[in-house]
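Shown next, in structure tokens, is the structure this report addresses.
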Amino acid sequence: MSNLAIGLWSFPILISLIFLRMPIGLAMLLVGLGGSVAINGTTLMIVAQLKHLTYGTFSSYSLSIVPLFLLMGQFATLGKLSAALFKAAEAFLGHRRGGVAMAAVGACAGFGSICGSSLATAATMGQVALPELKKYGYSNALATGTLAAGGTLGILIPPSVILVIYAILTEQNIAKLFAAAMIPGLLAALGYMLTIHVYARLFPASAGTTERVPWAQRIIIMGSTWPVFIIFMLVVGGIYLGVFTPTEAAAVGAFGTGLVAFFNRGLHWQSFTNALLATASSTAMIFFIVLGAAIFNAFLASTQLPQTLAEYVSSQGYDPWLILGLVLLLYLLLGCVMDSLSMILLTVPIFFPIMVTLDFGMSAEHFALWFGILVLIVVEVGLITPPVGLNLFVINKMAKDVPIVETFRGVTPFVFADIVRVILLVLFPGITLWLVKLLY
Amino acid sequence: MRSAFVRSILNTGNTRSLMQTISSIVHGLARLMALLGGFVLVLLVLMTTASIAGRAMSSIGLAPIPGDFELVEMGMAFAVFAFLPWCQLQRGHASVEIMSNLFGNRGNAFLDLVSDLLMFLVALLITWQLGLGMLDKKSYFETSFILQWPSWWGYATALAGACVFSLVAFYCLLRSIRHVFRPHT
């Protein structure tokens, strides 16, 4: 069997293992090892590589941003900023139709600016906003749907763990990716609010309002969210200005949210150790997949499959837009069964070399940024699509009396909003690239 | 002795307490390791912040911490290795559950067993090769760039985590063997 054939055969095997519930990182690692042995005819080479590959991967300076952002998110959750953000957003939006749900989305966006994880955002905002939404008579479907969708803003608005991984895989500048994510992220928040507005118009009984808050009061309430602004400006601004490396920025962010948690009395021994353990579990999960992906991708590269595939696709003269559409559709489908990080690590090393050869009328760098944001959004849709959308389950677990089917129903309009946004961003790359071009 | 051990794993005799004792020891060990890694992570946060502050205030005579990047790399490697056992014990690894309903209790227990067996073998492989890697670094007298610390120190701390990872992976294998025979426990 030729190397190329071995490369091609590795996919059905890998996918079968994954569907047989094998941890994704383990499946990639084993297929990568097995494939390398098949190519080299000996176990010696690949086993010897492991002497330094594992340590090298786990001690990578650029990857060390991941646990730091995860820790930052955990501290942000303990800092009780979610309540302040929600109160502020509610003061501005609560009196509108569907306003309390819009406030929840706004608060998620605010929280997303200091937290790089969707699950943490959904979980912490759910705790704060679910009781309020219930109090003002929001239907179960709308309340849980809003929060599950709002949670994805944690990833869509920088900082974002997924973007960091994408940046490392495709060797792109993290700061530029964060800049590219900014406007699509805000657009996501606006789109969700618009969805709520329409929903509340169609089903007026499903959404209540609060008293209108006078402007002077709004400003005062807004003032209590200052740590969020400071931390966001410090982290994202610091990276942009080159004051510190992305890893340092993440450390500063973790320090800042840690301080806030400490002064807001959210940090005691129990919650501190729980935050560390949660960080430990997510970090190990991510790094194990990264290790598996490193071994699998090294094997793939040695079969020359990605290169051959890229040459094949570009020589066929397919319509680039059609291919982009198919790739994004594939992500949407995969997202229904797989978590976003595994998807990125599994597919980007294969798709990216193909996509980057296609002509979309922009420079390779701009394409990489634009494609990254598109992928980020479509994989995040996976968090709110049944049957395995994790955000849906996080929120549903909190709203104990709501059947999961109702949450599925409630999130549907938001999925629709996501798809409309993806189409907009595909058709108008300028939306994504405008800020990048302005800043750099 | 050995048959009592096996029996306790399968939980067919009255020696249930042995598996429980092992369980609590392994749990405590994995948790301790994860917390150690977590403390190192927090230390890295403090160290990096202090280093940035030092760099920012270099005009008044302060300076960044020498070798701060190296410290992050070494500390992070230890932390990640220390986190692995906890993740394994908590079944924290990402997997695709969509077909689970098709396989039934028995089938799923069996699939978990296969995964846990392979994970244990991979853990052993990683630990073994990491150990060899450490000996390599030691024999080359390689040191870090700024601090001139021997590179094998980092490997040695990571090895502690990797050993616990192997141990915990072995425990998880026992746990799933037990599960295959008694799918409802």
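The values are calculated or read from the model by the stated rules, or taken from the named source; none is laboratory data. Just so we're clear, the structure is a prediction, and the values are computed from it rather than from any experiment. Glycine also receives a Cβ, built like all others from the backbone with ideal geometry; neighbour counts cover every protein chain displayed.
Data overview
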quantity: Check on B:VAL72, closer than 24 Å to A:GLY258 by Cα, among the β-branched types (Val, Ile, Thr) and touching a residue at least 12 places away in the same chain (Cβ under 8 Å); calculated: yes
quantity: Residue list for the range A:197-250, restricted to those being of a type in the set (Asp, Glu) and within 30 Å of B:VAL72 (Cα to Cα); calculated: A:GLU248
quantity: Residue selected from the range A:51-72 under the condition of a type outside the set (Ser, Thr, Tyr) and free of Cβ contacts under 8 Å to residues at least 12 places away in the same chain, by the criterion farthest from B:SER144 (Cα to Cα); calculated: A:LYS51
quantity: The range B:152-171: number of residues that are within 11 Å of chain A (Cβ to nearest Cβ) and surrounded by fewer than 23 Cβ atoms within 10 Å (Cβ to Cβ); calculated: 4
quantity: Matching residues, the range B:101-121, being of a type outside the set (S, T, N, Q) and free of Cβ contacts under 8 Å to residues at least 24 places away in the same chain; calculated: B:LEU102, B:PHE103, B:GLY104, B:GLY107, B:LEU111, B:VAL114, B:LEU118, B:LEU121
quantity: Within the range B:82-102, tally of residues that are more than 8 Å from chain A (Cβ to nearest Cβ) and over 23 Å from the mean Cα position of the chain (by Cα); calculated: 2
quantity: Of all residues making up the range B:14-70, the number that are more than 9 Å from every other protein chain (Cβ to nearest Cβ) and under 23 Å from B:PHE165 (Cα atoms); calculated: 17
quantity: In the range A:186-244, residue nearest to A:ALA141 (Cα to Cα) [restricted to those that are within 14 Å of chain B (Cβ to nearest Cβ) and surrounded by 17 or more Cβ atoms within 10 Å (Cβ to Cβ)]; calculated: A:ILE231
quantity: Hits in the range B:15-48 - residues which are surrounded by 14 or more Cβ atoms within 10 Å (Cβ to Cβ), modelled with pLDDT under 95 and of a type in the set (S, T, N, Q); calculated: B:THR15, B:SER23
quantity: Conditions (1) out of contact with any His (no Cβ under 8 Å at 6 or more places or on another chain); (2) within 18 Å of A:ILE377 (Cα to Cα); number of the one not met by A:PHE408; calculated: (2)
quantity: Listing of helices (runs of 4 or more DSSP H) fully contained in the range A:114-233 that carry 3 or more residues being more than 18 Å from A:GLY73 (Cα to Cα) and of a type in the set (D, E, K, R); calculated: A:118-135
quantity: Considering residues of the range A:245-274 that are under 20 Å from the mean Cα position of the chain (by Cα) and not hydroxyl-bearing (Ser, Thr, Tyr) only, the residue farthest from the other protein chains (Cβ to nearest Cβ); calculated: A:PRO246
quantity: Single unsatisfied condition, B:ARG106 versus (1) of a type in the set (Lys, Arg); (2) exposed (fewer than 15 other Cβ atoms within 10 Å of the Cβ); (3) closer than 18 Å to A:THR57 by Cβ; calculated: (3)
